[in-house]
Amino acid sequence: MEPLTRAEEQVMQALWGIERGFVKDVLEAFQRPKGQGRSPAYTTVSTIIRILEQKGFVGHEAFGRAHRYFPKVSKEAYRTHTLERMKKDYFKGSAQSLLSHFIEKEDLSVTELDALLKLINERKQGDR
């Protein structure tokens with residue numbers, strides 16, 4: 001699975017959110033409140049969707065000349081692939097280094113840290 005550009009990821013996020021839709025539906029998922037930046041142009045979104053289709057991330061159903069698009073790659077599958085690539089490329093393949101980075105660099109609350117410890121302890125209990 002090849003990495004996506006930032007614009008491609010944004011379109012995929014919109015498509016994952018609506019699950020399936022025409023270009024206008026994907027575009028509506030981009031709508032932002034006034035003062036929050038402009039939404040991309042219809043033609044831009046249409047072009048990006050066609051690129052995503054060529055890359056195998058998006059499929060379509062034809063309704064005459066109109067196409068309704070849907071994700072062929074799940075958000076979870078892309079997230080897993082992206083994190084695996086990040087772990088390999090930036091953390092020498094070490095999940096511990098990846099997790100340590102986020103623990104050290106992110107301003108995690110006590111609640112978030114407790115939740116991580118709970119997950120770790122549950123994992124340890126399951127491995128016995």
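Among the numbered conditions (1) modelled with pLDDT of 90 or more; (2) more than 30 Å from residue 24 (Cβ to Cβ), the only one that residue 122 does not meet is (1).
Please verify whether residue 22 is loosely packed, with under 10 Cβ neighbours inside 10 Å, at pLDDT 90 or above, out of contact with any helix residue (DSSP H, G or I) (no Cβ under 9 Å at 6 or more places or on another chain) and of a type outside the set (S, T, N, Q), treating the condition exactly as stated. Answer is no for this residue. May I ask you to verify whether residue 61 is modelled with pLDDT of 95 or more and over 19 Å from the mean Cα position of the chain (by Cα)? Judged against the criteria, residue 61 is a match. Taken as a whole, the structure places residue 99 among residues that are farther than 15 Å from residue 14 by Cα, within 22 Å of the chain's Cα centre (by Cα) and of a type in the set (A, V, I, L, M).
The values are calculated or read from the model by the stated rules, or taken from the named source; none is laboratory data. Owing to the predicted nature of the structure, the values given are computational and were not obtained by experimental measurement. Quick reminder, even Gly has a Cβ in these numbers, built from the backbone with ideal geometry, and neighbours come from all protein chains shown.
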